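The values are calculated or read from the model by the stated rules, or taken from the named source; none is laboratory data. Just so it is clear, the model here is predicted, and its values are computed rather than measured. Cβ: placed from backbone, ideal geometry, glycine included. Neighbour counts: every protein chain shown. SASA here: full protein model, heavy atoms, side chains in, ligands and nucleic acids out. Shrake-Rupley method; radii C 1.70, N 1.55, O 1.52, S 1.80 Å.
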Amino acid sequence: MKIYATRHGETVWNKDDIICGITDVELTDNGIRQAKALAEKVQAVGDIDVIICSPISRAVKTAEFSAQKLGIDIIIDDRLTEWNYGSFEGKHRSTEGFAKAKTEFGCKMPDGGESLLQLAYRVYSLLDDVKEKYCDKNVLLVCHGGVCRVIETYFNDMTTEQFSHFFMGNCELREYII
């Protein structure tokens, strides 16, 4: 079994370095081009049986191109929703306190956000379920940067330093062999 993970195509907020978690921001024209190129890559890989996607539209739109190329349906799973960054949503990535808040694993993001431990719980539970339910299939997860960072920790140990600097590009495709 293989699990592939990808991040959605570029959004205006990505381009402008704005913190974007649960806020629904559309893909840019470049993001659509990236999603189409991803679909070509996914088709070339040739072994993806299932696509599971975040419900946020930037991820759904990205997944639609691959699903169309492969002729399969998209399964939406809320556990792939991006990290809720609380009051950091919509602010520039350089906002004071944001980088540190991302490494305070047991602390919730301010004003209703999630802690990294909450995010990891839901992403790890999804991965456990995927491994059990689709053990004889290869699965593509279409999600978000914060979620991809957690997926990486599921398969590879990371120090706090490595975690805080891990970056997944828009429509980058990673493969994990189970």
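Assorted remarks:
- Among all positions in the range 117-128, there is at least one residue which is farther than 30 Å from VAL42 by Cα and among the aliphatic types (A, V, I, L, M).
- One residue alone among VAL42, VAL50, VAL25, VAL60 is under 19 Å from GLY113 (Cβ atoms) and open to solvent by less than 50 Å² (accessible area, probe 1.4 Å), and that residue is VAL25.
- Flag if GLY9 is buried (at least 16 other Cβ atoms within 10 Å of the Cβ), out of contact with any helix residue (DSSP H, G or I) (no Cβ under 7 Å at 6 or more places or on another chain) and closer than 20 Å to ARG149 by Cα: no
- Residue match in the range 104-112 (condition: under 17 Å from the mean Cα position of the chain (by Cα) and either at positive phi or touching a residue at least 60 places away in the same chain (Cβ under 8 Å) (or both)): no
- Residue match in the range 86-103 (condition: within 15 Å of the chain's Cα centre (by Cα) and of a type outside the set (A, V, I, L, M)): no
- Inside the range 14-27, residues that are closer than 11 Å to GLU89 by Cα and free of Cβ contacts under 8 Å to residues at least 24 places away in the same chain make up a count of 0.
- Top-ranked residue of the range 107-147 - restricted to ones that are within 19 Å of ILE19 (Cβ to Cβ) and of a type in the set (S, T, N, Q), ranked as most open to solvent (accessible area, probe 1.4 Å): GLN118
- For SER164, the conditions (1) over 11 Å from the mean Cα position of the chain (by Cα); (2) assigned to a strand (DSSP E or B) are fulfilled apart from (2).
- Qualifying residue in the range 65-81 (condition: open to solvent by less than 50 Å² (accessible area, probe 1.4 Å), closer than 29 Å to SER164 by Cα, in contact (Cβ under 8 Å) with a residue 12 or more places away in the chain and not aliphatic (A, V, I, L, M)): yes
- Subset of the range 143-178 (residues that are in contact (Cβ under 8 Å) with a residue 12 or more places away in the chain and under 17 Å from MET1 (Cα atoms)): ILE151, GLU152, TYR154, PHE155, LEU173, ARG174, GLU175, TYR176, ILE177, ILE178
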